[in-house]
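One structure below.
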Amino acid sequence: MRLYNAQYILPGLAIFLAAATFPFWRGAAARSAGFRSPPNPAGERCIEPKQVMRTEHMRMLVRWRDAVVREDSRTYVASDGTRWERSLRTCVACHGHADAQGRSTTAAAACSECHGHMDASLDCWDCHHEFAAPGSRSARLEPGPAAGRGPL
Amino acid sequence: MIERAFIGRARSQLWLAALLIPIGVGLACYLRQFERGLAITGMGRDVIWGFYVAQFTFLVGVAASAVMVVAPFYLHQSREFARIVILGEFLAVAAVLLCILHIFVDLGQPARVLNVLIHPAPGSVMFWDMVVLSGYLVLNLVIGWTCLDCERNGAKPPGWVKPLIYLSIPWAVGIHTVTAFLYCGLPGRGLWLTALLAPRFLSSAFASGPALLVLICLALKRFAGFDAGEAGLRKLTVTVAYAMAANLFFIALEFFTAFYSGIPGHRRDLQYLFFGLDGHTAMVPWMWTSLTLMAASIPLLVASLRRRSMRILAVACSLVFVSTWIDKGLGLIAGGLAVSPLETVVDYAPTAPEVLISVGIYASGALILTLLYRIVLSVRSDADHGSAALGADS
Amino acid sequence: MLKLSLLAAAGLARTRPLFASLASVRPEDVLEPGAALKAGRWAMVIDVRKCLAATDCPDDCARACRSEHNVPEIGDTRHEVKWLWREPGEHLFPGELDQFRGGELSRRRLPALCNHCANPPCTRVCPTGATFSRPDGIVVMDPHRCIGCRFCMAACPYGSRSFNWEDPRPHLKAVNPDYPTRTKGVVEKCTFCDERLAKGRPPACVEACKYKAMSFGDLKDAKSPVAALLRDNYSIRRKPELGTQPAVYYVI
């Protein structure tokens with residue numbers, strides 16, 4: 001068996017492989033650059049257990065987004081029965097801290113620290129406010145009538 | 001077969017290199033638009049579509065016009081088109097790619113373009129336009145490539161290509177009809193709200209597309225030594241002449257309905273384009289130039305047939321192309337949007353970066369077309385020299 | 001790590017969460033009962049007689065709307081963003097106003113906003129479902145899904161939709177931290193203050209007008225203020241001949 005036009009095919013294949021695997025190299029380079037832990041949040045507990053939040057927060061946020069914007073469904077019942085307003089403000093209330101002017105980039109910093117590390121782009125803060133409003137009330141809602149529980 | 005695309009004479013390589021300049025400039029302008037937003041264009045809250053969408057509309061016509069060589073060749077065995085039909089199919093491929101690029105640069109959130117597939121909305125004409133355009137691209141690429149490959153091997157095209165060819169004929173009409181539906185289904189846009197829009201689109205497309213094909217054939221004969229055959233060009237000329245006559249007739253019909261009925265919603269857009277409205281006359285010279293060139297092209301086309309003059313034919317086809325481009329590529333979109341829903345008149349002119357982005361897209365289309373035509377020409381010259389068996393990859 | 005890299009390589013990292021959105025409504029998606037305002041068909045009635053009487057109207061409806069929703073004030077008229085604004089009557093009702101009453105209606109500026117049509121052309125043409133009608137008639141905009149094709153703006157016969165030709169944030173004088181801004185490249189519009197309705201509050205414009213010229217309520221509820229106003233007064237809607245069935249009525 002003979003490979004025709006090897007002088008074109010082999011370099012072409014090499015270039016293709018290099019381009020196709022580029023994200024891996026880039027990601028590896030970014031991750032080796034070291035990682036600073038995001039600042040500790042202010043609240044005493046998160047909406048769901050820490051491990052769930054760590055792996056599921058993105059799905060949760062997308063679900064929240066669609067529930068609020070598309071289904072006008074704004075209350076989230078956590079697996080322990082607590083009720084929360086589906087809003088990024090709920091996140092910011094703990095993960096962001098307002099300074100005297102009511103502005104702090106802490107929430108965005110907490111997100112972007114990790115997202116930058118994972119090389120995942122994040123555009124929430126293009127529109128949503130990364131700071132908590134001065135004197136903003138707790139996002140945790142008063143207990144209401146019983147409702148079903150779910151993982152998200 | 002694809003390696004033939006990269007082999008060419010020095011002049012041809014120089015042409016490709018020259019095309020890279022406008023492509024680079026267009027890309028740089030697009031990066032700026034990506035960064036700053038569509039504010040760098042001349043569009044605004046009233047004229048919400050401009051140069052990009054207009055070029056898209058015009059180029060869908062160029063793509064659809066391939067049917068004017070495909071249908072006679074395959075349905076009526078018009079042998080005059082034997083050397084042209086593949087040129088028409090590959091022109092359609094390049095034109096559809098240009099359409100897609102023009103739509104892409106018009107998007108405010110290009111990174112989300114896949115939402116059209118992730119959240120398909122079958123009620124939206126834009127969804128169907130995407131379906132028919134990508135289908136047409138695949139059809140022409142597959143048909144053209146397969147037939148050419150068979151020609152290279154001296155074999156008959158396989159049986160499965162025939163149904164695809166027959167499918168591509170109504171499909172060509174379909175792409176421009178669906179494109180017209182983008183506009184003529186919108187309430188409150190008087191210039192577009194007419195059942196005649198799709199026929200008008202098709203008639204101007206069947207004039208401008210074949211005219212471009214004639215010009216390409218004349219250029220290939222002069223610069224690449226490829227002769228498409230006079231008989232084929234003459235037949236194309238007849239097509240262009242009839243299509244242009246139909247196009248002018250349709251425009252006259254629009255004028256009658258709009259001005260005789262006197263309904264403001266229908267009259268004012270044509271009035272804006274051809275006579276000016278509330279002191280806004282920016283489009284008037286363009287539209288009359290277009291109309292004059294359209295009218296002048298028909299006697300010239302006839303004269304070129306009578307005198308068998310390629311020079312007159314080149315002039316006539318240039319007039320057809322320029323006049324239909326002004327009509328669709330400038331007047332149609334700006335004219336349909338200039339009178340806002342709140343009855344104010346807003347002039348539109350594209351900005352320099354906007355035009356440069358579009359020029360860059362056109363240049364990339366020319367690049368793709370050149371590569372495709374190189375394959376065609378190289379296969380043809382092998383065939384002409386009876387040396388198909390001694391092709392490049394032996 | 002590897003999984004993420006794979007997704008990044010395929011360019012899917014951004015789109016993956018969108019697939020998750022296909023999940024169906026689950027039982028925990030129940031609404032906070034009691035608090036929200038609900039209707040079969042939301043509608044607004046603008047009493048033009050009150051607008052005309054208020055010769056010193058300070059434009060409170062438009063101001064309230066802008067500050068509530070972080071609507072930018074962009075100097076360039078071509079790039080303006082409008083949710084609710086005031087426009088001369090002859091622009092709202094071209095060729096329809098009585099010319100024998102001194103032309104006051106034609107000249108005076110009246111509130112203009114999204115009509116929240118029952119048969120909206122904008123939602124029909126949207127290729128991604130980014131804009132759609134809620135069961136209660138509100139035409140909403142999901143800016144997360146919008147690709148910025150502006151087909152909806154071409155379809156809207158009222159000029160009630162705006163596109164972000166550039167980043168709106170530099171054009172905001174003050175920011176309401178309780179409402180997001182938008183980003184460049186997406187379309188936006190009046191939402192009948194769906195975020196306020198969910199908290200049991202009427203639309204900001206209705207609340208702000210000190211002449212009580214704007215009424216808001218359920219068209220399907222015979223006892224609602226809008227139903228009563230429309231029953232007892234002569235009202236018109238913008239461009240009724242287009243069959244869009246606006247939910248904004250003008251009592252003249």
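The values are calculated or read from the model by the stated rules, or taken from the named source; none is laboratory data. Predicted model, so just to flag it, every value in this text is computed and none were measured. Cβ atoms come from the backbone with ideal geometry, glycine included; neighbour counts cover every protein chain shown.
Just one residue in the set B:Val302, B:Val320 is in contact with a Leu (Cβ under 8 Å, 6 or more places away or on another chain), β-branched (Val, Ile, Thr) and either over 24 Å from C:Pro157 (Cβ atoms) or not in a helix (DSSP H, G or I) (or both); that residue is B:Val320.
If you scan region C:148-200, which residues turn out to be out of contact with any helix residue (DSSP H, G or I) (no Cβ under 7 Å at 6 or more places or on another chain), of a type in the set (Gly, Ala, Ser) and more than 16 Å from C:Lys82 (Cα to Cα)? Of everything in region C:148-200, those that are out of contact with any helix residue (DSSP H, G or I) (no Cβ under 7 Å at 6 or more places or on another chain), of a type in the set (Gly, Ala, Ser) and more than 16 Å from C:Lys82 (Cα to Cα) turn out to be C:Gly148, C:Ala198, C:Gly200.
On inspection, C:Phe93 passes the criterion of being touching a residue at least 40 places away in the same chain (Cβ under 8 Å) and either among the hydrophobic types (A, V, I, L, M, F, W, C) or at the interface with another protein chain (Cβ under 10 Å from one of its Cβ atoms) (or both). Take region B:367-385 and flag every residue that is under 11 Å from B:Arg4 (Cβ atoms) and among the aliphatic types (A, V, I, L, M). Within region B:367-385, B:Leu371, B:Leu372, B:Ile375, B:Val376, B:Leu377, B:Val379 meet the criteria. Evaluate the following for B:Ala334: is it part of a helix (DSSP H, G or I), touching a residue at least 24 places away in the same chain (Cβ under 8 Å) and away from chain C (no Cβ under 14 Å)? Judged against the criteria, B:Ala334 is not a match.
Condition first: without any contact (Cβ under 8 Å) to a residue 60 or more places away in the chain and either among the charged types (D, E, K, R) or not in a loop (DSSP other than H, G, I, E, B) (or both). Can you find one or more residues in region C:199-220 that meet it? No, every residue in region C:199-220 fails to be without any contact (Cβ under 8 Å) to a residue 60 or more places away in the chain and either among the charged types (D, E, K, R) or not in a loop (DSSP other than H, G, I, E, B) (or both). Among all residues of region C:79-96, there is none that is out of contact with any strand residue (DSSP E or B) (no Cβ under 9 Å at 6 or more places or on another chain), farther than 23 Å from B:Ile263 by Cβ and surrounded by fewer than 16 Cβ atoms within 10 Å (Cβ to Cβ). Applying the condition of being at the interface with another protein chain (Cβ under 7 Å from one of its Cβ atoms) and acidic (Asp, Glu) to region A:55-87 and asking which residue is nearest to the chain's Cα centre (by Cα) yields A:Asp66.
B:Tyr74 meets each of the listed conditions (1) buried (at least 20 other Cβ atoms within 10 Å of the Cβ); (2) within 27 Å of B:Cys147 (Cβ to Cβ) apart from (1).
When C:Thr128 is tested against the conditions (1) facing chain B (nearest Cβ under 10 Å); (2) under 24 Å from B:Val345 (Cα atoms), the lone failure is (2).
Elements of the type helices (runs of 4 or more DSSP H) sitting completely within region B:27-143 and holding at least 3 residues that are farther than 22 Å from B:Lys328 by Cβ and free of Cβ contacts under 8 Å to residues at least 24 places away in the same chain: these cover B:115-118. For region C:183-190, the criterion of a residue being out of contact with any Pro (no Cβ under 8 Å at 6 or more places or on another chain) and assigned to a helix (DSSP H, G or I) is satisfied by no position. Report, by residue number, each residue of region C:182-207 that is within 14 Å of chain B (Cβ to nearest Cβ), over 12 Å from the mean Cα position of the chain (by Cα) and not basic (Lys, Arg). Hits for region C:182-207 are C:Thr183, C:Gly185, C:Val186. Can you tell me which residue is farthest from the other protein chains (Cβ to nearest Cβ) among those in region B:181-210 that are touching a Leu at 6+ places or on another chain (Cβ under 8 Å), in a helix (DSSP H, G or I) and crowded, with 23+ Cβ neighbours inside 10 Å? Result: B:Pro210. Got a number for residues in region B:114-173 being within 15 Å of B:Val93 (Cα to Cα), surrounded by fewer than 20 Cβ atoms within 10 Å (Cβ to Cβ) and among the polar types (S, T, N, Q)? Count: 2. Of the numbered criteria (1) within 14 Å of chain B (Cβ to nearest Cβ); (2) surrounded by fewer than 15 Cβ atoms within 10 Å (Cβ to Cβ); (3) modelled with pLDDT of 90 or more, the one C:Gly75 fails is (3). Scanning region B:276-285 for residues that are over 15 Å from B:Asp327 (Cα atoms) and not β-branched (Val, Ile, Thr) yields a total of 5.
Taking the conditions (1) closer than 23 Å to B:Ala121 by Cα; (2) in contact with an Asp or Glu (Cβ under 7 Å, 6 or more places away or on another chain); (3) more than 12 Å from chain B (Cβ to nearest Cβ) in turn, C:Pro143 satisfies each one other than (3).
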